[in-house]
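Colleague: Encoded as structure tokens, here's the structure I'll be asking about.
Since every read-out is calculated from the coordinates, none of them should be taken as a lab result. Small disclaimer: the values here were computed from a predicted structure and weren't measured. Neighbour counts are summed over all protein chains in view; Cβ atoms, including those assigned to glycine, are modelled from backbone coordinates with ideal geometry.
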Amino acid sequence: MSASSSSSVQEARRALGQRLRDIRQDAGLSARELADRAGWHESKCSKLQSGRTTPTDTDLRTWTTICGVPKLAGDLIAALRGIEGAYVEWRRLERSGLKQSQQAVRPLFERTRRFRMYQSWVIPGLLQTAEYTRAVLNTVFALRGSGHDDVDEAVAVRMERQRVLRSGDHRFAFLIEEWVLRTVIGDAETLAAQLGHIIAVSALPSVSVGIIPMGTVRGAGWPTESFTIYDDVQVNVELVAAHLTATQPGEIAEYGQAFSALASIAVHGAEARALITSAINSLG
């Protein structure tokens, strides 16, 4: 996980550690005294308080009991669950198959009204054709070794999800790096059809597609990991090994600022279509 992507998880761990420190100090105990009573090495207390080590449920129950506040264990364990849920390894997420991992986000897509999606890796899922999705998920299956070969079922789920593009009062803003348009996934025929599909979908009144041209002076619009902002409630970030969820207002605001900076250097409308068409023509 990159430093920028992991910052929210690290900060949450530090916050939990600080809370443990406060509980210990309120109890009038030194770190050595608490460690002795718990049967731990003193360094464990230091690591838990600094956030360098993530506590277990048992650690939290032991800590609060020794400090005379066992009723606080439930709140601390809930905070720990939030930290664990923020960073989920792809292998764990896809353990029950690709279809289930695709279905898991359906409620989020249905309740969101404003989508802001930035992609520096592949075409955004809501803009993908079935064949492009199949090529992506076949690669995912091969690389991550999902326990279930259910690519066809997962493709069907993703295609069904795209109905949000044409229903309700949803609004979509997509930003795609130009190099994504020129990255051949599947084969040239699959990519050509995919790029043509983007041009067609971009005509929908609820959809805005921006392309960030290669060679553009980046300024504040620095390329980053792919991410999606759902309203102003949640951000999902795609990492090589994991899926990161950010829900803190400050974190969401940072991604919103990043999206705005990237949008400021993107081209839209006819200019965006010209770049897409150029990528199609380059396929021969």
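Colleague: If I model a spin label at Ala38 and Ala274 as a point 7 Å from the Cα along the Cα→Cβ vector, what separation in nanometres do I get?
Modeller: Once both label points are built, they end up 6.3 nm from each other.
Colleague: Near the amide H of Leu239, under 5 Å away, which other amide H atoms are found, from residues 5 or more places off or on another chain, if H is placed in the peptide plane?
Modeller: Amide H to amide H, under 5 Å and 5 or more residues apart or across chains, Leu239 pairs with Leu244.
Colleague: Measure of size requested: the Rg and Dmax of segment 94-281, with Cα atoms as the atom set and Å as the unit; please supply both.
Modeller: For segment 94-281, the Cα radius of gyration and maximum Cα-Cα distance read 15.9, 44 Å.
Colleague: Another one. Only residues of segment 12-33 count here: report those whose backbone N is under 19 Å from the spot 7 Å along Cα→Cβ of Leu108, or say none.
Modeller: Taking a point 7 Å out along Cα→Cβ of Leu108, the residues of segment 12-33 whose backbone N falls under 19 Å are 12.
Colleague: I would also like to ask the following. In a shell of Cβ-Cβ distance under 9 Å around Ala38, excluding Ala38 itself, what net charge do Lys and Arg (+1) and Asp and Glu (-1) give?
Modeller: 0
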